[in-house]
Amino acid sequence: MPKYQKVKQWLQEKIADGTFVSGDKILSEHELAAQFGYSRQTVRQAVNELVSEKILSRAQGSGTYVTGATSRTAALRIGVIIAWLDPYNFPSILQGIHEILNACHCTILLGITYNRQIEEENALRQMLTDHVDGLIIESTKSALPNVNKLLYQKIKNQGIPIVFFNSYYRDFKESYVIMDESHAGALAATALLQKGHKKIGAVLASDDLRGLRRYEGIQSILKQQNLSLERRVIWYTTEDLPRLFSENANSVLPAQFFDLSAVICYNDTIATLLFSLFSRHNFRVPQDISMISFSNLPLTDISGGLTSICCPFAEMGKRAANLMLKKISDPSCEECIILKPTLQYRSSIQDLIKTEQI
């Protein structure tokens, strides 16, 4: 977490627990800088954000004061709608959301869509029934037309702020917090090229905008080397997974990877399924085929660890929650936040350059 965010979070917590109440003068920038051991510029950045969110206000020549805006958050009900409640990614996202909203004594209502559009509709209608004051949403099948667009518009017309996270709808303009998926795809392709891989395939989701963006990033890097995925991509939807990795698929799916040296997986769940499928066909990872994925789950059965593109899920949750509070304070606020992914090397990629030199 950046230093200024630590100062901002501390101030939010002190306001939430009543240490500072509406009308109170907070510590000066000099006092905060001395308390945290940070520069005044760092402290000023934290205070500026809270001022822009109308949680604090400056009085010339007097100091900085707590406004009355935060008193509204104590009774706020914020709906959080996610696609999956898996044991890895989303606890981090939800923890980030909870950390920020809990500090403001907000109530969190949770909905799950299982990446089905009808379940998204049900979740949205339930949130309206529960009279939420704001919605933090992971869009469902974001690469497809938004069949719930009219319902979303109704929510927006009622003045209920919306913040998308992890993905968003291209045909519905609203604030979001996402990872730079194109850059993530580029990182994956670059990691393989640097290890000497040229025959690269991929398994990607076609109904999720993230899958399309990752494909875009992968292709952009491969094209620079006069390479391409082209026919080496298996596109799937959520509903395809049981069939794609069933026993009946055993003689079909691996055949598409016989001439490959590496495969890029849409996420670590796909990588795990593919690894099991390869194992049944005596494909060894990374000796026979290398693998790289997205998500960074703590997998240990793929040759000692899966190389992954890491998404800052906890930060995504915090930024989405802070953006929601900002939109509640300022309904005119529109903001799109794009987070940078990082690469975590593990042993699932074989170094073909070193192998050729031996």
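The values are calculated or read from the model by the stated rules, or taken from the named source; none is laboratory data. Just so you know, these numbers come straight off a predicted model, no measurement behind them. Glycine gets a Cβ as well: all are built from the backbone with ideal geometry, and neighbour counts include every protein chain shown. Keep in mind that these areas ignore ligands, DNA and RNA; they rest on the heavy atoms of the full protein, side chains included. Shrake-Rupley method; radii C 1.70, N 1.55, O 1.52, S 1.80 Å.
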With a 1.4 Å probe and all protein chains left in place, how much of the accessible area of the chain comes from carbon and sulfur atoms, in whole percent? 50 percent
Would you mind pulling out the separation of the Cα centroids of segment 164-206 and segment 316-358, in Å? 10 Å
Between (i) 43, 25, 16; (ii) 30, 26, 20; (iii) 34, 26, 19, the structure-derived semi-axes √(5λ) of the Cα gyration tensor in Å is (i)
Compute the helix-to-body angle for 268-280: its Cα long axis versus the longest principal axis of the chain, expressed 0 to 90° and rounded to tens. 20 degrees
Antiparallel as a % of all DSSP beta bridges within the chain, to the nearest 5? 20 percent
Just read off the accessible area of Asp330 with the full protein assembly in place, 1.4 Å probe, to the nearest 10 Å². 50 Å²
Relative contact order for segment 115-202, counting Cα pairs under 8 Å that sit 6 or more residues apart, in percent: 25 percent
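Taking only protein heavy atoms and a 1.4 Å probe, what accessible area per residue, in Å², does segment 137-240 have with all protein chains in place? Write down the numbers at each step before the final one.
Details: 4260 Å² over 104 residues.
Spelled out: the 1.4 Å probe surface of segment 137-240, per residue, equals 41 Å².
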With eigenvalues of the C-alpha gyration tensor scaled by 5 and rooted, segment 85-194, Å: 27, 19, 13
I want to check the label-to-label distance for Arg40 and Lys149. Put each point 7 Å from Cα in the C-beta direction and report it in nm to one decimal. 5.2 nm
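Sorting check: for 187-199, 98-110, which peptide has the highest mean count of neighbouring beta carbons within 10 Å, and how do the rest follow?
Final packing ranking: 187-199, 98-110.
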